[in-house]
1. At a 1.4 Å probe radius, carbon and sulfur cover how many percent of the accessible area of the chain?
2. Give me the orientation-averaged projected area of the Cα convex hull of the chain, in nm², one decimal.
3. Would you rank Arg81, Arg114 by solvent-accessible area, highest first, keeping every protein chain in place and using a 1.4 Å probe?
4. So how much accessible area does Tyr37 have, in Å² to the nearest 10, using a 1.4 Å probe?
5. Please give the solvent-accessible surface of Thr96 in Å², to the nearest 10, using a probe radius of 1.4 Å with every protein chain present.
6. Using the heavy atoms of the protein chains alone and a 1.4 angstrom probe, what is the accessible area of the chain per residue in square angstrom?
7. Between Ile13, Ile39, Ile104, find the one with the highest GNM mean-square fluctuation for the chain; connect C-alpha pairs within less than 10 Å.
8. May I ask for the angle, rounded to the nearest 10°, between helix 87-96 and the longest principal axis of the chain, with both axes built from Cα atoms and the value confined to 0 to 90°?
Amino acid sequence: NLPFKFFVTPNNIIDLLKNKKVNDIDILTVDIDSYDYYIAKEILANNYLPKLLILEYNYSLGYEKSISFPYPGIDNKENKRAYGASFNAMYNLAITYNYKLVHISGFCNLFFIRNDFQDLFSKPDLSKDLIKNNEDINIFLKNYCQKGFYPSWYNEKDLEKNNGKENSEKW
(Lines give C-alpha, C1' and ligand atoms only; values in the text may rest on other atoms or scores of the structure.)
Protein backbone atom coordinates (compact mmCIF):
# COMPACT_ATOMS: atom_id res chain seq x y z
CA ASN A 1 0.00 0.00 0.00
CA LEU A 2 1.13 3.51 -0.73
CA PRO A 3 0.94 6.08 2.06
CA PHE A 4 -2.22 8.13 2.19
CA LYS A 5 -3.02 11.55 3.58
CA PHE A 6 -6.28 12.53 5.29
CA PHE A 7 -7.46 14.88 8.00
CA VAL A 8 -7.75 12.44 10.88
CA THR A 9 -10.06 12.70 13.87
CA PRO A 10 -11.07 10.19 16.53
CA ASN A 11 -14.46 10.07 14.80
CA ASN A 12 -13.12 9.08 11.37
CA ILE A 13 -9.86 7.18 11.95
CA ILE A 14 -11.41 3.70 11.99
CA ASP A 15 -13.45 4.33 8.82
CA LEU A 16 -10.30 5.62 7.10
CA LEU A 17 -8.38 2.48 8.07
CA LYS A 18 -11.23 0.22 6.92
CA ASN A 19 -11.69 2.12 3.63
CA LYS A 20 -7.97 1.69 2.89
CA LYS A 21 -8.26 -2.00 3.84
CA VAL A 22 -5.69 -1.71 6.61
CA ASN A 23 -5.75 -4.90 8.64
CA ASP A 24 -2.39 -5.44 10.28
CA ILE A 25 -0.07 -2.64 11.34
CA ASP A 26 3.56 -3.32 12.19
CA ILE A 27 4.53 0.23 13.22
CA LEU A 28 2.14 3.01 14.15
CA THR A 29 3.21 6.53 15.08
CA VAL A 30 0.69 9.00 16.43
CA ASP A 31 2.12 12.52 16.45
CA ILE A 32 -0.35 15.27 15.61
CA ASP A 33 0.41 17.76 18.41
CA SER A 34 -3.10 17.88 19.77
CA TYR A 35 -5.54 15.03 20.35
CA ASP A 36 -3.03 12.20 19.90
CA TYR A 37 -4.43 10.38 22.94
CA TYR A 38 -7.91 10.10 21.44
CA ILE A 39 -6.63 8.92 18.04
CA ALA A 40 -4.46 6.26 19.68
CA LYS A 41 -7.27 5.18 22.02
CA GLU A 42 -9.72 4.79 19.14
CA ILE A 43 -7.26 2.75 17.09
CA LEU A 44 -6.36 0.45 19.98
CA ALA A 45 -9.98 0.07 21.14
CA ASN A 46 -10.88 -1.13 17.65
CA ASN A 47 -8.30 -3.91 17.81
CA TYR A 48 -5.66 -2.36 15.59
CA LEU A 49 -2.71 -3.48 17.68
CA PRO A 50 0.61 -2.70 15.98
CA LYS A 51 3.77 -4.49 17.01
CA LEU A 52 5.50 -1.15 17.66
CA LEU A 53 3.46 1.81 18.90
CA ILE A 54 5.05 5.26 19.04
CA LEU A 55 3.09 7.91 20.91
CA GLU A 56 3.89 11.56 21.39
CA TYR A 57 3.53 12.93 24.90
CA ASN A 58 3.76 16.47 26.23
CA TYR A 59 6.51 16.75 28.83
CA SER A 60 5.08 20.12 29.94
CA LEU A 61 2.08 18.33 31.49
CA GLY A 62 4.29 16.48 33.95
CA TYR A 63 4.65 12.80 34.69
CA GLU A 64 2.60 12.16 37.81
CA LYS A 65 -0.91 12.80 36.50
CA SER A 66 -2.90 11.41 33.58
CA ILE A 67 -3.86 14.54 31.66
CA SER A 68 -5.06 14.94 28.10
CA PHE A 69 -6.60 17.88 26.34
CA PRO A 70 -10.11 17.21 25.08
CA TYR A 71 -11.11 16.47 21.56
CA PRO A 72 -11.85 18.55 19.49
CA GLY A 73 -9.22 20.54 21.34
CA ILE A 74 -8.71 23.94 22.82
CA ASP A 75 -7.38 27.23 21.59
CA ASN A 76 -3.79 27.14 22.80
CA LYS A 77 -2.79 30.57 21.51
CA GLU A 78 -2.20 31.64 25.10
CA ASN A 79 0.52 29.02 25.59
CA LYS A 80 1.80 26.57 22.95
CA ARG A 81 2.70 24.10 25.73
CA ALA A 82 -1.03 23.45 26.26
CA TYR A 83 -1.67 20.47 23.98
CA GLY A 84 -1.68 16.69 23.82
CA ALA A 85 -1.38 14.28 26.69
CA SER A 86 0.97 13.68 29.61
CA PHE A 87 3.46 10.83 29.88
CA ASN A 88 1.24 9.05 32.39
CA ALA A 89 -1.86 9.32 30.18
CA MET A 90 -0.06 7.78 27.20
CA TYR A 91 1.71 5.18 29.35
CA ASN A 92 -1.55 4.06 30.99
CA LEU A 93 -3.30 3.90 27.63
CA ALA A 94 -0.59 1.69 26.15
CA ILE A 95 -0.35 -0.72 29.08
CA THR A 96 -4.15 -1.07 29.08
CA TYR A 97 -3.81 -2.56 25.59
CA ASN A 98 -0.89 -4.84 26.54
CA TYR A 99 2.14 -2.81 25.54
CA LYS A 100 5.47 -2.39 27.28
CA LEU A 101 7.47 0.84 27.23
CA VAL A 102 10.87 0.09 25.65
CA HIS A 103 12.33 3.47 24.65
CA ILE A 104 11.94 7.20 25.15
CA SER A 105 13.19 9.44 22.38
CA GLY A 106 13.98 13.00 23.32
CA PHE A 107 11.35 15.12 24.92
CA CYS A 108 8.24 13.74 23.28
CA ASN A 109 8.20 10.16 21.91
CA LEU A 110 7.39 6.96 23.75
CA PHE A 111 8.11 3.62 22.05
CA PHE A 112 5.93 0.71 23.14
CA ILE A 113 6.25 -2.89 22.03
CA ARG A 114 3.29 -5.25 22.05
CA ASN A 115 3.57 -7.65 24.99
CA ASP A 116 4.04 -10.72 22.80
CA PHE A 117 7.47 -9.24 21.93
CA GLN A 118 8.28 -7.81 25.35
CA ASP A 119 10.95 -10.36 26.25
CA LEU A 120 13.12 -9.04 23.42
CA PHE A 121 13.40 -5.58 25.00
CA SER A 122 14.33 -4.02 28.30
CA LYS A 123 12.46 -1.22 30.01
CA PRO A 124 14.06 2.24 29.88
CA ASP A 125 15.40 3.87 33.03
CA LEU A 126 12.81 6.59 33.63
CA SER A 127 15.07 8.42 36.07
CA LYS A 128 17.61 8.93 33.27
CA ASP A 129 15.50 8.97 30.10
CA LEU A 130 12.64 11.34 30.94
CA ILE A 131 13.11 15.05 30.33
CA LYS A 132 12.71 16.84 33.65
CA ASN A 133 13.34 20.50 32.86
CA ASN A 134 14.43 23.01 30.24
CA GLU A 135 18.09 22.18 30.89
CA ASP A 136 17.43 18.58 29.79
CA ILE A 137 15.71 19.90 26.66
CA ASN A 138 18.71 22.10 25.86
CA ILE A 139 21.06 19.14 26.22
CA PHE A 140 18.91 17.02 23.91
CA LEU A 141 18.63 19.83 21.34
CA LYS A 142 22.41 20.33 21.38
CA ASN A 143 23.24 16.63 21.10
CA TYR A 144 20.59 15.37 18.69
CA CYS A 145 18.86 18.14 16.75
CA GLN A 146 19.85 20.23 13.79
CA LYS A 147 21.49 23.49 14.83
CA GLY A 148 18.85 26.18 15.22
CA PHE A 149 15.94 23.74 15.72
CA TYR A 150 13.64 24.50 18.64
CA PRO A 151 10.18 23.05 19.37
CA SER A 152 7.33 25.47 18.68
CA TRP A 153 6.66 25.73 22.43
CA TYR A 154 10.30 26.23 23.47
CA ASN A 155 10.05 29.87 24.60
CA GLU A 156 6.61 29.55 26.20
CA LYS A 157 6.16 29.86 29.96
CA ASP A 158 5.73 26.65 31.94
CA LEU A 159 2.15 25.53 32.47
CA GLU A 160 0.68 26.13 35.90
CA LYS A 161 -0.16 23.08 37.98
CA ASN A 162 -3.85 23.97 38.27
CA ASN A 163 -4.41 24.09 34.51
CA GLY A 164 -5.66 20.51 34.37
CA LYS A 165 -7.83 18.04 36.18
CA GLU A 166 -6.13 15.19 37.98
CA ASN A 167 -6.73 11.70 36.57
CA SER A 168 -9.01 12.96 33.85
CA GLU A 169 -9.19 12.26 30.15
CA LYS A 170 -10.59 15.73 29.65
CA TRP A 171 -8.90 19.02 30.37
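1. Values: 5050 of 10550 Å².
Carbon with sulfur: 48 percent of the solvent-accessible area.
2. 10.8
3. The most accessible residue leads, giving Arg114, Arg81.
4. Tyr37 exposes around 20 Å² with every protein chain in place.
5. 100
6. About 62 Å² of surface per residue is accessible.
7. Fluctuation is largest for Ile13.
8. 20
The values are calculated or read from the model by the stated rules, or taken from the named source; none is laboratory data. Here the structure is a predicted model, which means the values were calculated and not measured. Note: ideal-geometry Cβ built from the backbone for every residue, glycine included; neighbour counts use all protein chains shown. SASA here: full protein model, heavy atoms, side chains in, ligands and nucleic acids out. Shrake-Rupley method; radii C 1.70, N 1.55, O 1.52, S 1.80 Å.
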